[in-house]
Amino acid sequence: MNAARVLEVYNRLLDCYGEPGWWPARSTYEVMVGAVLTQNCAWSNVVKAIDNIGGRLSPGFILDADSAELIAMIRPAGFFNQKAGYLKAVTRWYQRYGFDAEAVRREPLSKLRGELLGAKGVGRETADAILLYAFGLPSFVVDAYTVRLLERLNMDAGKGYEEIKRSFELNLALTDHNNVGVYNRYHALIVVHGKERCHKKPACAGCPIADMCGYKADENIGA
Ligand code: SF4
């Protein structure tokens, strides 16, 4: 990848879509719950599941909840049997720190990431989303929208999650933009762009990065 190009994509997406204001949640713990529930699930269904839990949502409630009761509440998010277990696993991880976000932030990022990846049901994307959006730690999040966008822009960030993540972080460092705010907005903007325009079959009209894109087969390009 090229650092200037990485920053140019960021700036253009930000100019086009504005401040994304992520993550939509009322607390650190709600971000963690949302990050688990959103696996293979539309956000609108995550909201329904969280709404079912309502004002009871807290680490203590999830840990103590009867599995059948928890499954019923998170049913809208799909894969509810597994996700009930994942929620308890990630909550047990948070329990190690006394459910204290400041205590989490005092630990080295690599240690936290390793611990989260050891929790049942927490993959790389979920772990990084929790670190970045729940705890405000600089861990770039990669997802399917990111991979698709990189391919279309002919930006070689390497292969696999870890290489792509590292490539973003290194290139943003080269432009002095490797900070939590940029990581937060960049991933959110890629998701917004993927949902609004850069679909599997893209709607390229008005795309702010059309002139940087290699997806020239699409007749909408430049429209
Ligand atoms: S021009 Fe089309 S394919 Fe390329 S980034 Fe924009 S929306 Fe995606």
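The values are calculated or read from the model by the stated rules, or taken from the named source; none is laboratory data. Predicted, not measured: the structure shown is a model, and the values here were computed from it. Glycine gets a Cβ as well: all are built from the backbone with ideal geometry, and neighbour counts include every protein chain shown.
A compact table of results
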{"item": "Filter result for GLU163 (free of Cβ contacts under 8 Å to residues at least 60 places away in the same chain, part of a helix (DSSP H, G or I), over 22 Å from TRP22 (Cα atoms) and in the same structural domain as ASP15 (by TED's automatic domain parsing))", "result": "yes"}
{"item": "Selection count where residues are part of a helix (DSSP H, G or I) and polar (S, T, N, Q), scope the stretch 166-195", "result": "3"}
{"item": "The stretch 194-223 - residue that is among the aliphatic types (A, V, I, L, M) and more than 8 Å from the ligand (Cβ to nearest atom) and, of those, modelled with the lowest pLDDT", "result": "ALA223"}
{"item": "Qualifying residue in the stretch 102-112 (condition: surrounded by fewer than 18 Cβ atoms within 10 Å (Cβ to Cβ), touching a helix residue (DSSP H, G or I) at 6+ places or on another chain (Cβ under 8 Å) and not assigned by TED's automatic domain parsing to the domain that holds PRO208)", "result": "yes"}
